[in-house]
1. Just the number, please: Stokes-Einstein D of the protein assembly as shown in µm²/s, Kirkwood Rh from C-alpha pairs, 20 °C, 1.002 mPa s.
2. Could you give the dipole magnitude of the protein assembly as shown about its Cα centre, charging the beta-carbon of Lys and Arg +1 and that of Asp and Glu -1, in debye to the nearest 20?
3. Only helices at least 15 Å long along their own axis, judged from Cα atoms, and with Kyte-Doolittle mean hydropathy of -0.5 or greater: name those in chain B from DSSP H.
4. So what's the convex hull volume per residue for the Cα atoms of region B:7-244, in Å³?
5. Quote the FRET efficiency, to the nearest 0.05, computed for A:Met133 versus A:Met49 with a Förster distance R0 of 25 Å and r equal to the Cβ-Cβ distance.
6. Just to verify a number: FRET efficiency for B:Ile92 and A:Met190, C-beta to C-beta distance, R0 = 45 Å, to 0.05?
7. Alpha carbon centre of region A:134-161 versus region B:117-177: separation in Å?
8. Between A:Val33 and B:Tyr179, what FRET efficiency comes out of the Förster formula 1/(1 + (r/R0)^6) with R0 = 51 Å and r the beta carbon distance, rounded to 0.05?
Amino acid sequence: MNYIGLYTFTRREVTRFLRVSVQTLLSPWISAVLFIFIFGEIVGSQIGMIGGMPYIEFVLPGVLMMNVLTSAFSHASSSLYFQRFARHIEEILVAPLSHIEMILGYITGALMRGLVIGVGILLIGVFFGVTTMHSPFLFALYIVLVSAVFALLGLLVGLWANGFEQLASLSTFVITPLSFFGGMFNTLDMLPPLLATATQYNPFFYFIDGMRFSMTGYHEAPIWVGLLIISVLFAALLVLVTTLFARGWRLRV
Amino acid sequence: MPATPALTIEHVSKSYNGSKALDDISLTIPAGAFFGFLGPNGAGKSTTIHLISGIARLTEGTIRVFGTDVVADYREARTKVGLAPQEFNVDIFEQVDRLLDFVAGDYGVRKKERQERVESLLERFELTKHRHKEFRALSGGLKRRVMLARALVHQPQLLILDEPTAGVDVELRHELWRYLRELNETGTTILLTSHYLEEVELLCDTIAIINQGKIVEVGDKAQFTSGGRKLEERYLEITGARATQT
């Protein structure tokens, strides 16, 4: 294992997102403030309690999870795509780094960004008076696992994309809609029966539900189901991405 | 016992979308050589370099760098190779010193040693006062120096230079030549591709010419310039380009 190489890879990735921190950190934090303020404070004051808690406490985990997974995905996909686009991926390809080390480097970079985003939104929540934390361990576990899953998904898109439109397509057509339909703003019993059933097949529902449980202790689905879905997705994506890296698909000519 | 060659290429072929870029090439570069690798555009020079360095996948034949197989023992092989490509394949938003530090780190160089090497290279290539500038803010000549410094930061035994003086002014070209000679004299094997044949004639002791994916001639420089001929004449003759000259 090239530990120094892996550490350097991670440093490079962290430097990259810090270099454009207005776009990578400030923008999602501002978006979170708006969501929490509009939906949590203003709309929430009209809704009252939901799941036995003030609406703002209910909304915060969903907003946090959506931003964490979006950040991890964007980091991995844009980092790899831009490296391919500008050809400085060659700098990595000629180095004595294995495919696994490269993938771990991207995941760790995305995870760091996800963590910074997540902790930042947690602090924003505290500013709005949300101080609940049911299980710090599960909170950290969900951030780590979900960031890793979306980093792998980002790598897949970063490899596949041959243009900026393709790079943005998964985020626009899959991640954002599934997040919004994944119980960010509502419980299952607030939905029409058909949509409530469909939501139970939406993996994002389990990510948000698990995060909500870690922060508030409230959940609608068994936590083990969510963790199982995340683990299966992680394992499947890891195998797929590793295979593609090993074959050099769209990396090595 | 003869010294292990710096580079051994045996029966290497490479195709892209059914079109053969390299057709069963074999080549040996002795350790310590200053080797000129010539050929027209599209002849297979870059493909060969990409296969040696790991940018392209080797699917047919074997390549060894100082006896180390570039596929089976890719980690060790890559630590022995430094590549300065023709194109600026760097993160253009990164500042110069950090760019060198990152590359040294990729090769597993420890922090203290990394810092010493980066400082030394910045000084050697007169980049110290530009160290905090982003790569994109440098002039063409300074960019070339960074590319060379980057290729050397892990102290490779085999340095591959793909058109290192393209777009470089006369002063810097002479300075780079002087530095490359020094480097070669202190034991680094150099593989140089260049369209400036006078540069190859001046620096290299051994030359190979590749054309249409095949090595068409290899030998000492004297072999190419015998009878008072210029390397360029022989090159045009070998590549068949003479007929098109006006």
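1. Working: Rh = 25.4 Å.
Result for D is 84 µm²/s.
2. Taking the Cα centre of the protein assembly as shown as origin, the dipole is about 180 debye.
3. Numbers: long enough: B:96-106 (16 Å, 0.47); B:111-124 (19 Å, -1.99); B:140-152 (19 Å, 0.22); B:170-185 (22 Å, -1.06).
Those that clear 15 Å and a mean of -0.5 are B:96-106, B:140-152.
4. On the way: hull volume 31.5 nm³, N = 238.
Normalising the Cα hull of region B:7-244 by residue number yields 132 Å³.
5. For A:Met133 and A:Met49, the calculated efficiency is 0.80.
6. 0.35
7. The two parts, judged by their Cα centres, are 39 Å apart.
8. Rounded to the nearest 0.05, the efficiency is 0.40.
Read the figures in this text as sums done on the coordinates, not as results from a lab. A quick note: this is a predicted structure, and the numbers were derived from the prediction, not measured. Cβ coordinates were reconstructed from backbone atoms using ideal geometry, including for glycine residues, and neighbour counts include every protein chain displayed.
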